[in-house]
1. Packing-wise, with mean Cβ within 10 Å as the measure, how do B:23-35, A:116-128 rank, highest first?
2. Assign one of three labels to the stretch A:96-136, namely rounded, prolate or oblate, based on the Cα gyration tensor with a ≥ b ≥ c the square roots of its eigenvalues; rounded applies when a/c is under 1.5, prolate when it is not and a/b is larger than b/c, and oblate otherwise.
3. Taking 7 Å along the Cα-to-C-beta vector as the label spot, tell me the A:ASP99-B:LEU82 distance in nanometres, rounded to one decimal.
4. For B:41-49, what's the mean count of beta carbons from other chains sitting within 10 Å of each residue's beta carbon?
5. What nm distance separates the two modelled labels at A:LEU44 and A:ALA144, each placed 7 Å from Cα along Cα→Cβ?
6. Can you give the extra length, in nm with one decimal, that the chain gains between B:ASP193 and B:LEU30 once fully stretched, where that is 0.36 nm per residue apart less the Cα-Cα distance?
7. Assuming R0 = 25 Å, can you tell me the calculated FRET efficiency for the pair B:LEU14 and A:ARG158, based on Cβ-Cβ distance, to the nearest 0.05?
8. Under a Cβ-Cβ cut-off of 15 Å, what is the net charge of the residues other than B:ARG76 that fall near it, where Lys and Arg count +1 and Asp and Glu count -1?
Amino acid sequence: MKELFATYAPRVYLFALRLAGSRHEAEDLVQDTFVQALRHQSRLRDATAARAWLFTITANLWRSRLRRKGREKEVIRDVEQMGTRSVPLPEHGLIVREDMRRVREAINGLPKRQQEILHLHAYESFSLAEIAKILGISAEAVKASLSLARKRMRQQLRDLDDGSRPATPSPATQLPATRQPTT
Amino acid sequence: MKPPECEQLDDYLLGWLSPAEAIAFEHHLLECSDCRGEQALQRSIDRLLAEDCSAIDALPAGLVSRIEDHVCAARRRRRTRLISFASAVAASALALIVIWGSVVSRWDRAAFEAASAPGQTEPSANAVAGAGSDSDSSTRLELRDGKPVLDDFVVTATTGASAKTAAKQLTPSTQVTLADPSAGIVLDCKTRDPDITMVWIYPAAKSTVTERVPIHQ
């Protein structure tokens, strides 16, 4: 378990940050992930699957928390439509280059589910099947979301480069703040 | 209006197209500047993401020790729960053994006390008790040292007839007394002497030893 922790804790933390959006919740999520992993380590038969297994635990724990808070419906509804949530990725005192900052900002401008899928694909190099298993969705859904996420990210970066629009989802996909009664 | 082939850019870049489809798209790339621009942009994004990924490889300060403390505490709680559960199981098993033991010993003691109760008729040692007619339901039991024979069942008959042998059944684990012959089977047998009644007392449990002893008549 110590080896698992030493090897994967930073990556798990990064993913937890992507899911939770706050450092405090991400830290709790990482703690709970490794406690769960300790409890169920007998289920891990293949060491090469450890990384995907840990990420799956993290995603499942996050979904459980959302269910307890009654926020799961909100997340499901927001799969394709969500306001910007800036993920405070660690910088560790390094100067973040402007282009790097813009890429991060572009990712943060994506809907939540697309951010998660893009993170798992781009940062963790998981396959479509692995991402599907971690997030509990179909591989086809992962493929469609990933394709859309990359298109949107390129569009966000072009918009940032142009400086014409802030990094927010297009109005067509944004949820209304309140539902207006139809007459 | 973009050609439909442009929609296949990400499929091509991610390696999702078949070889034939990939070749067809490469032909399209040669002719479509928009797709070439998107391809270049996506490649720089991929490079930056890879760089970002390798740059973020440390946890925030203090988080490692907090997580380790949390995991150790969880491990200790788990160990404590296992020990408590094992102790509870052991204590329950011990309690059951003690209770069972006391029930059995009380059972044995009650039977022994019933056998040794002072209310029983105890004529002089080694004498055959009482006398009665055949119709009398009283039974006689040979006594040894003034106490009813608890372990051995001896059948005797005092008559003038020649000695006969009778089976002496030894069932040490069964106790039958005059006061409580319920553990045995009592059988009255007539003798030549109307004043003497012979009694067979069989233990209800199967006897382990059978020994023949002479009957003095």
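Readers should treat all values here as calculations from the given coordinates under stated rules, not as data from a laboratory. Fair warning: this is a prediction, and the values are worked out from it, not measured in the lab. Don't worry about glycine lacking a Cβ; one is built from the backbone with ideal geometry, like all the others, and counts go over all protein chains shown.
1. Ranked from most to least packed, the peptides come out as A:116-128, B:23-35.
2. oblate
3. Simple spin-label model gives 5.3 nm for this pair.
4. 5
5. Placing both labels 7 Å along Cα→Cβ, they lie 3.4 nm apart.
6. 45.2 nm
7. Taking R0 as 25 Å, the efficiency between B:LEU14 and A:ARG158 is 0.80.
8. +4
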